[in-house]
1. Return the loop-located chymotrypsin sites (Phe, Trp or Tyr not before Pro) in the range 22-115 (DSSP other than H, G, I, E, B) with at most 11 other Cβ atoms within 10 Å of their own Cβ; answer none if there are none.
2. Rounded to the nearest 500, what is the 222 nm mean residue ellipticity of the chain from helices alone, with -39500 (n - 2.57) per DSSP H run of 4+ residues and division by all residues?
3. As I understand it, the dipole of the range 246-335 uses +1 on the Cβ of Lys and Arg and -1 on the Cβ of Asp and Glu, about the Cα centre. Which of GLY303, GLY274, VAL315 lies farthest toward its positive end?
4. Excluding same-chain residues fewer than 8 positions from LYS170, which lysines have a Cα within less than 30 Å of its Cα?
5. Scan the range 240-313 for GluC sites (Glu not before Pro) in coil per DSSP, keeping those whose Cβ has at most 13 other Cβ atoms within 10 Å, and list them by number.
6. Please report TYR168, TYR5 as a ranked list, fewest other C-beta atoms within 10 angstrom at the top and most at the bottom.
7. Per residue of the range 214-223, in order, report the coupling 6.51 cos²θ - 1.76 cosθ + 1.60 (Karplus, θ = phi - 60°) as ³J(HN,Hα) in whole Hz, putting x for Gly and Pro.
8. Round to the nearest 0.05 the FRET efficiency obtained for GLU150 and ASN286 when R0 = 30 Å and r is the Cβ-Cβ distance.
Amino acid sequence: MKDNYILAFETSCDETSVAILKNGTELLSNIIASQINSHKRFGGVVPEIASRHHVEQITVCIEAALEEAKISASELTAVAVTQGPGLNGALLVGIMAAKTFAWANHLPLIPVNHMAGHLMAARLVDEIEYPAMALLVSGGHSELVYVEREGNYKKVGETRDDAAGEAYDKVGRVMGLTYPSGKVIDELAHKGQDTYHFPRAMMTTNEVEFSFSGLKSAFINLVHSENQKGNDVVKDDLENLAASFQAAVIDVLVAKTKLAIEKYPVKTLIIGGGVSANQGLRDRLNDEIIEQKLIVPPLRLCGDNAGMIAAAAYVEWEKGSRGSLALNAKPSLVF
Ligand code: KG4
Ligand code: ZN
């Protein structure tokens, strides 16, 4: 059978990425140009700056991806691109590049849901046994997705307010850390203890739902009230603050994941998205997920990258889904 080569684009937020995947599982290249240094000083991603960087980086990334994979455009099977969710202007850069590349090289186009990408990164790591459940936690999303069979996604729960990554980044700002702060808080947390016992939202409900805005407020209120008493807890007790915040996030994520797999029994549990890089979360799931196969992607596949988009695109390709040259961005795309 002829080999399948998918060239994929990811530009939904602040990484410009182009990857080439062979036969659905073999990642030949996964070029990622991060813009994070340009956004740091603004404390978050600035959409206009993101789009401009994507424009500057996209052709460089295409060339690097083809070169590293030692593949020419004529050998490719299809072109895939993130259609959403994400920033409109940022998505459009990848979509325009993908459409142009597909048109110029007479290749079919495959639109991909960014969250399906985070989920299908697992395909690049191990065989997913279905049905599967995925805990997807990133800067913009926190959701549990049931995958009855390949390519069939059903969201069974999500956050009511902030995403887990968003909570990390907002709390990080109060802690005086630079954006994004998830990784640093994770590192600090390992040196501290849960001494503050922040609230764990929705733990008593039987609903597969998250809420992180109450935790964020509790954290900010505690820092302010301690400051008023003359205690600079951020300066003097940063590690315990980080450990207490992280313990509250992980308790909720783990409890709701367990509830989801109780309600929807599965053979595999997958984690994905930037927050799935969290070592505390990985350790807890490794300890507590006994009956299911657990797929934890390596760090390079947790954050945004085109390799995961190619993996999800392969599944779409097999299903026969194709996009046209009229393809547009869908910034609020959901499962
Ligand atoms: O998936 P991602 O790269 O981009 C989005 O699609 O949002 O996720 C980025 C998020 C940020 O909020 C960042 O703070 C968080 O992932 N993050 C972490 C860790 N590494 C990155 N959060 C907790 N612990 C980490 N180790
Ligand atoms: Zn993402």
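Nothing in this text is a laboratory measurement; each read-out follows from the coordinates by a stated rule. It should be emphasised that the depicted structure is a prediction, and the values quoted were computed from it without experimental measurement. Here the Cβ is made from the backbone with ideal geometry for all residues, glycine too, and neighbour counts use every protein chain on show.
1. PHE42
2. -13500 deg cm²/dmol
3. Farthest towards the positive pole: VAL315.
4. Result set, ordered by chain and number: LYS40, LYS154, LYS155, LYS183, LYS191, LYS216, LYS229, LYS235, LYS256, LYS258, LYS330.
5. Passing both the DSSP loop test and the Cβ count: GLU291.
6. Starting with the residue having the fewest Cβ neighbours, the order is TYR5, TYR168.
7. Along the range 214-223, the couplings run x, 5, 4, 5, 4, 5, 5, 4, 5, 4 Hz.
8. 0.75
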